[in-house]
Structures are given as C-alpha cells and as structure tokens.
Amino acid sequence: MKIDRAGIPFIAAAALPATLALVARKKRTALALGALSAGVTAFFRDPERYPDLPVDIDSDIVVAPADGKVMHAGPPEPGVAPPGDWQQVSIFLSLADVHINRTPYGGTVTDVTYHPGKYLAAFTKESAVANERTDITVESRHGDATRTVIYRQIVGLLARRIVTRISVGDHIKTGQRIGLMKFGSRMDIFLPPEVPLLVAKGERVVAGESTLARWPVHSADQALGFAEDAH
C-alpha cells in the first residue's frame, strides 16, 4: 500500500525514537513507540480506489471525496453554504479513516480559496465556517449547461494542516486525488438542489468509490471519466 509523501516526516519522527529504544534494549519503550510509529504510518496510507459502478465511465455521478461517516445530507445548515442555492453533504473523518481526499466530480478547477481559522471539533456546525479550511470549486460543461460542485476541506480539533494539490485551471477527473487533511477532519460538499442525493445521515462512505449523488441524465452529456491515479 502506498504512503502519502506528506507523512514521511511524521513517520520518521515516530520511528527514530523507537529504533533508539530498541538499540538501548528498552523493550517496552521500543514496543510502545513502535506501535505509535505504525499508527502514524497507517494514518497516511493511500489505497487505490475504484468507483462502485457497473461501468468504467459515468459523467453523472458524484463520489465521496473522503472516507468517513455522513453527518449531514440535505438542505444546508444555516450559515454554512456558499452564496446561492445548494444542498449539503458533510462527512466526518475519524483518526482511523484514510485521510487522502479525492475530487467528488470532474471538471475544471475555477477557484481554490484557503481560509485561516480555528480548530474546533470537526463534528460541530461552527467548524464549517470558523475552522481553517479550503474551498474548491469545480465546473464542467455538459451540452449547454454548466455543472458546479463546491467542496470544502475543514480541519478539526486535532488537525493542524490542510494539503491541497490542485490549482485554478487544472482539469481533474472524478475520484482524482487532490490532497489530504491531517489528523481528524471534515469534508463538506455543496451540490445544486436538482441533483438527487443517494446517501443519508449516519451512512459510512469511501472516498472515490461511494456514490453521494447523481445528476439527472441528459443525452448531450459527455463522459469525463475516472482517474486511475492522480500522481
């Protein structure tokens, strides 16, 4: 399994004391530090993901951008959504979840905005607008229509840094890796109200595989495809 490069300094910082303790024959200390190192390594794991569809290409689905539990699915929470008419899906990531983020929908990145902020617990409503976060807007043309998806990387109580590896003007594919959030966090997705949601509060989702929503099908739509690997 791959390990994201952002984890290398953390893994090294945890592994070095464990190695020194082992050399010094401090078995219990070495075991404890070794377990910590293994946990840090697991946090930065980067498994391959494939959409749970009967076909390889489907330009109408919106996939989960993060592993975790759906905290909200429906009309937006008050004061949380960007300007305009939206519905909201929020996913909470525990420390045990894979923290690699993927774009929920393919298209052209039209905005990436970082907001410094607080570090409130990610499961609170206030965290969506008060915490450190990055808003990403993706647009794609389908016939005469433009489809817009906005998603938000939000750090939580333990998280201290957002990694975003896409820029305005990038063309990205559904399910493509776009970054990660370190040590517990939240992801909000905002979709137009005409897009039927296919998840409910309390469900667990898998980034790049679980379907969150599906755009109404139009014959003029053009397939965007899925990324096998963003690296």
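For the stretch 120-151, the set of residues classified as over 13 Å from Phe92 (Cβ atoms), in contact with a strand residue (DSSP E or B) (Cβ under 6 Å, 6 or more places away or on another chain), of a type outside the set (A, V, I, L, M) and in a strand (DSSP E or B) consists of Arg133, Thr134, Asp135, Thr137, Glu139, Ser140, Thr146, Arg147, Thr148, Tyr151, listed by residue number. For the stretch 152-169, taking the residues that are surrounded by fewer than 13 Cβ atoms within 10 Å (Cβ to Cβ) and at pLDDT 95 or above, the one that is nearest to Phe92 (Cα to Cα) is identified as Ser167. Only residues that are small (Gly, Ala, Ser) and part of a loop (DSSP other than H, G, I, E, B): list them for the stretch 182-211, please. Passing the criteria: Gly184, Ala200, Gly202, Ala207, Gly208, Ser210. The residues in the stretch 185-211 that are buried (at least 19 other Cβ atoms within 10 Å of the Cβ) and either under 12 Å from Val149 (Cα atoms) or touching a His at 6+ places or on another chain (Cβ under 8 Å) (or both) can be counted, and the count is 6. For first residues located in the stretch 107-124 and in the same structural domain as Asp170 (by TED's automatic domain parsing) and modelled with pLDDT of 95 or more, partners that are hydrophobic (A, V, I, L, M, F, W, C) and not in a strand (DSSP E or B) and lie 6+ apart or on another chain with Cβ distances below 6 Å form the pairs Val109/Ile166; Val109/Val168; Val112/Val168.
The residues of the stretch 21-32 that are modelled with pLDDT of 75 or more and either closer than 22 Å to Phe44 by Cβ or touching a Cys at 6+ places or on another chain (Cβ under 9 Å) (or both), listed by number, are Leu31, Ala32.
For the stretch 97-109, name all the residues that are closer than 10 Å to Ser140 by Cα and outside any loop (DSSP other than H, G, I, E, B). The answer is Gly107, Thr108, Val109.
The values are calculated or read from the model by the stated rules, or taken from the named source; none is laboratory data. Remember, predicted model here, so these are calculated numbers, not experimental data. Positions of Cβ are generated from backbone atoms using ideal geometry, with glycine treated the same way; all protein chains shown enter the neighbour counts.
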